[in-house]
């Protein structure tokens, strides 16, 4: 029988609460004209509330919170949201989470909040200030009886009235105005595409007395995904496109519509745009500062000079003067807001960046590449590390993490939820299966019509290699995933006979049902991932975990939010019932106040605790030879 010295059963002072409370997220950086740095904090201990904080240029190290406690800065446009605020001269505007309306807030001592828009069934995202006309421009989303309508609008700061500027496409993102206030550039796309498969880049002349028709610049051939347009302080226009096979930065000539690569590298310079308003590059002193995502870790580059090499993950980049401000993380420190001086190379951590574990207790990511039958996938392996124990010679259990998306990615940075497992003697594989972003367009597109197939092959390939290397115990392999990762985890347990147990966090169990009820942003995504649900219904049934329950022979634990509108709770309940009917061991936990993605700290703590207990129970049963949880 396992004892307290057995890997998987080690004790640790890193509690569930510690692992979750460390998960403050930073995003949406902005700089004022005075050099004050602003950012948004998402706080798990406040139910996932998002608030705007800032540090004054004249008060280094002193932080101020601006958002009153009754507000949370969070847009729900496209369900996944994104940048929900912007600075004016001596004010800011933000989208409030509860009603999705735009509010105006003074930056002076009173910090009064005034509602700007008041429209039911309407949401906003990516507000920008059209200073020339003293108005806002934003993406509007109207939920009407006829469906969901997205468009670019202008919002009066005086009376909240709304004027439509651009409409007709299914989706819009990244509105940006040149410094002269004469040109509005933006990205749009239509069904059945996603913002990482094919988009169009266009601009609108704002100087005409009447609204002009938007002028397409690139992407009308549907063979590239353009994103993140940006005007430099001098008015030069940039955009990111993957026409070379990689998301690289190009300079755009508005007269000729010609795109010229600024940096042509075999690496991605942005991440998959699940959220709107992401920023991954800027111009500073006539040089481009950008993020280069690579398997070994991301780099912050000023032309060909690497900045802040002690960090290996960056996002939400802005720049002004000699400073680059960015959200950064590393293998051994938590995510932080960082200022980097491009002249002196000084790096200053503004917020976050704690080092919660000493070296002897911190498991560092090991980048690995797995190849089998002509295909390659990538992942990060974490060995069990705890200064009080040793795994030498012992069989080590493995937990395979599958990210959601599935067109997303994981990074080799300190994740306290992973450390929670490695502290207790588990090894962890954080897998970037085929279809993940950050490895080029071809790798990203390899999941097209192959969801539920190629990532399962990659899971098998990775597990086989880790076992062959002697890193893990083949008899104690667990798999877990959230959202689409939950679908892949459940697909893996019915296709592969190598798991001791599995965990699904609001995972898809029936993609055909999901296709019929999901939100607009993803309503055609399954057509790309699997196929047309009408003509390919049999394929949907072949791949649905719910239709393959008779092939699942290992215990499964489920975690589901009752307010989830992406993966409906009924999907999880149907899967739970079907497994119980087969006498498969099942546990399921439903959270009344959670939606798609758990934001409440108490919920996340329950998930960690119950999942650990579930796996340990199976390890004990297996060690005792009871076999009640393992079917022949």
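Quick grid of which residues meet (1) surrounded by fewer than 22 Cβ atoms within 10 Å (Cβ to Cβ); (2) out of contact with any strand residue (DSSP E or B) (no Cβ under 6 Å at 6 or more places or on another chain):
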site	(1), (2)
380	no, no
383	yes, no
389	yes, yes
421	no, no
428	no, no
433	no, no
436	no, yes
Consider segment 538-575. How many of its residues are under 17 Å from residue 79 (Cα atoms), surrounded by fewer than 24 Cβ atoms within 10 Å (Cβ to Cβ) and touching a residue at least 40 places away in the same chain (Cβ under 8 Å)? 4
Selection within segment 472-486 - over 12 Å from residue 433 (Cβ atoms) and buried (at least 19 other Cβ atoms within 10 Å of the Cβ): 472, 473, 476, 477, 478, 480, 482, 483, 486
Residue match in segment 28-40 (condition: touching a helix residue (DSSP H, G or I) at 6+ places or on another chain (Cβ under 7 Å) and either in a strand (DSSP E or B) or more than 30 Å from residue 620 (Cα to Cα) (or both)): no
Just wondering, is there one or more residues in segment 307-317 that are part of a strand (DSSP E or B), touching a strand residue (DSSP E or B) at 6+ places or on another chain (Cβ under 8 Å), without any contact (Cβ under 8 Å) to a residue 24 or more places away in the chain and over 30 Å from residue 360 (Cβ atoms)? no
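Results for (1) over 18 Å from residue 602 (Cβ atoms); (2) surrounded by fewer than 20 Cβ atoms within 10 Å (Cβ to Cβ); (3) in contact with a strand residue (DSSP E or B) (Cβ under 6 Å, 6 or more places away or on another chain), shown as yes or no for each residue.
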| residue | (1), (2), (3) |
| --- | --- |
| 2 | yes, yes, no |
| 28 | yes, no, yes |
| 40 | yes, no, yes |
| 46 | no, yes, no |
| 49 | no, yes, yes |
| 57 | yes, yes, no |
| 60 | yes, yes, no |
| 63 | yes, yes, yes |
| 69 | yes, yes, no |
Conditions (1) more than 19 Å from residue 418 (Cα to Cα); (2) not in a strand (DSSP E or B): number failed by residue 360: (1)
Has segment 218-227 got at least one residue that is within 30 Å of residue 113 (Cα to Cα), in contact with a strand residue (DSSP E or B) (Cβ under 7 Å, 6 or more places away or on another chain) and either modelled with pLDDT of 95 or more or outside any strand (DSSP E or B) (or both)? no
I'm trying to understand the selection: among the residues of segment 400-416, which are more than 16 Å from the chain's Cα centre (by Cα) and not in a strand (DSSP E or B)? 416
Filtering segment 50-64 down to residues that are without any contact (Cβ under 8 Å) to a residue 24 or more places away in the chain and outside any loop (DSSP other than H, G, I, E, B), which residue is farthest from residue 123 (Cα to Cα)? 64
Would you check if residue 579 is part of a helix (DSSP H, G or I), under 30 Å from residue 274 (Cβ atoms) and modelled with pLDDT of 95 or more? no
In segment 79-93, is there at least one residue being outside any loop (DSSP other than H, G, I, E, B), free of Cβ contacts under 8 Å to residues at least 40 places away in the same chain and surrounded by 18 or more Cβ atoms within 10 Å (Cβ to Cβ)? no
Residue check, residue 618 against (1) crowded, with 20+ Cβ neighbours inside 10 Å; (2) out of contact with any helix residue (DSSP H, G or I) (no Cβ under 9 Å at 6 or more places or on another chain); (3) closer than 30 Å to residue 46 by Cβ, all met but one. Which one? (3)
So residue 478 fits all but one of (1) out of contact with any helix residue (DSSP H, G or I) (no Cβ under 6 Å at 6 or more places or on another chain); (2) not in a loop (DSSP other than H, G, I, E, B); what number is the exception? (1)
With (1) part of a loop (DSSP other than H, G, I, E, B); (2) farther than 28 Å from residue 226 by Cα as the list, and residue 465 as the residue in question, which single condition is left unmet? (1)
Can you find even one residue in segment 498-507 that is free of Cβ contacts under 8 Å to residues at least 60 places away in the same chain and either under 18 Å from residue 435 (Cα atoms) or surrounded by 22 or more Cβ atoms within 10 Å (Cβ to Cβ) (or both)? yes
The residue from 531, 486, 507, 470 that alone is assigned to a loop (DSSP other than H, G, I, E, B) and within 21 Å of the chain's Cα centre (by Cα) is 507
Can you find a residue that is touching a residue at least 40 places away in the same chain (Cβ under 8 Å) and part of a strand (DSSP E or B) anywhere in segment 444-456? no
Among the residues of segment 226-249, write down those that are farther than 19 Å from residue 315 by Cα and buried (at least 21 other Cβ atoms within 10 Å of the Cβ). 237
Going residue by residue through segment 129-142, is there one that turns out to be at pLDDT 95 or above, touching a helix residue (DSSP H, G or I) at 6+ places or on another chain (Cβ under 9 Å) and not in a loop (DSSP other than H, G, I, E, B)? yes
Residue check, residue 99 part of a loop (DSSP other than H, G, I, E, B), at pLDDT 95 or above and surrounded by fewer than 18 Cβ atoms within 10 Å (Cβ to Cβ): yes
Quick count over segment 251-279, residues being farther than 20 Å from residue 314 by Cα and assigned to a strand (DSSP E or B), is 5
Going through segment 143-167 in order, the residues found to be assigned to a loop (DSSP other than H, G, I, E, B), within 30 Å of residue 517 (Cα to Cα) and touching a residue at least 12 places away in the same chain (Cβ under 8 Å) are 167
With respect to residue 459, determine if the residue is within 22 Å of the chain's Cα centre (by Cα), at pLDDT 95 or above and either under 22 Å from residue 295 (Cα atoms) or surrounded by 19 or more Cβ atoms within 10 Å (Cβ to Cβ) (or both). yes
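Residue-by-condition table, conditions (1) on the phi > 0 side of the Ramachandran plot; (2) touching a residue at least 40 places away in the same chain (Cβ under 8 Å):
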{"site": "320", "(1), (2)": "no, yes"}
{"site": "330", "(1), (2)": "no, yes"}
{"site": "338", "(1), (2)": "no, no"}
{"site": "342", "(1), (2)": "no, yes"}
{"site": "353", "(1), (2)": "yes, no"}
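The values are calculated or read from the model by the stated rules, or taken from the named source; none is laboratory data. Note that the coordinates shown come from a computational prediction; the quantities given were computed from them, not determined experimentally. We place every Cβ from the backbone using ideal geometry, glycine too, and count neighbours over all the protein chains shown.
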